[in-house]
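Here's the structure we're looking at; comments come further down.
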Amino acid sequence: MVISFDLDDTLIPPGETDFPTERRNVFQKLFGVERIRYKTSELFQHLKAQGHTVGIYTTSYRPKLKLRLHLLTYGINPDFIITEKENRQQLTKRQINCSKYPPAFNIDLHIDDSPGVEQEGQTFSFQTIIIKKDDTDWLDKVKSRC
Ligand SMILES: [Mg+2]
């Protein structure tokens, strides 16, 4: 299965205390590496070990290389990264009026925090798992569907 994760408010917290995050080392703090949700790297490893293709699908314009390097400092090596630039291109090309359309990138399951994306999934027939900020069960929620 091809699985994607949203970044902002799903894996990357909006503030310091919105959900538990992985510990950052001195290097990560020095280079301004963003905090990431606790156990993200474990989950990526678990999903990859199960044979899934796992990546990032974000509507952020962050540079891909920077994202990749920052994720690598946590031991996370996504199979793909889709940012807003490609997302917009695909949505425009297909004339689809929504914020994300995972089927355009052959994604089978997308994990996000946005109820709007869940709604879009129902409208445009794609699979989502919605994780709330205070979702302590998020790992099991994802694992049970993959
Ligand atoms: Mg989000």
Taking only C-alpha positions in the stretch 50-101, Rg and Dmax in angstrom work out to 12.6, 37
Taking each pair of distinct Cα atoms in the chain once, what is the resulting Kirkwood hydrodynamic radius in Å?
15.6
Contour minus Cα-Cα distance for Lys48 and Met1 (0.36 nm per residue):
15.9 nm
Per DSSP H run of at least 4 residues, take -39500 (n - 2.57); add these up for the chain, divide by its residues and hand me the 222 nm value, nearest 500 deg cm²/dmol.
-9500 deg cm²/dmol
Would you please give the FRET efficiency between Lys29 and Asp79, computed as 1/(1 + (r/R0)^6) with r the Cβ-Cβ distance and R0 = 30 Å, to the nearest 0.05?
0.65
Work out from phi, with θ = phi - 60° and the Karplus expression 6.51 cos²θ - 1.76 cosθ + 1.60, the ³J(HN,Hα) of each residue of the stretch 3-8, listed in order in whole Hz, and give x for Gly and Pro.
10, 10, 10, 6, 9, 5
Calculate, for the chain, the solvent-accessible area per residue in square angstrom, rolling a 1.4 angstrom probe over the heavy atoms of the protein chains.
54
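The values are calculated or read from the model by the stated rules, or taken from the named source; none is laboratory data. What you see is a predicted model; the values in this text were computed from it and never measured. Virtual Cβ from ideal backbone geometry, glycine too; neighbours counted across all protein chains shown. All accessible areas refer to the heavy atoms of the entire protein, side chains included, with ligands and DNA or RNA removed. Shrake-Rupley method; radii C 1.70, N 1.55, O 1.52, S 1.80 Å.
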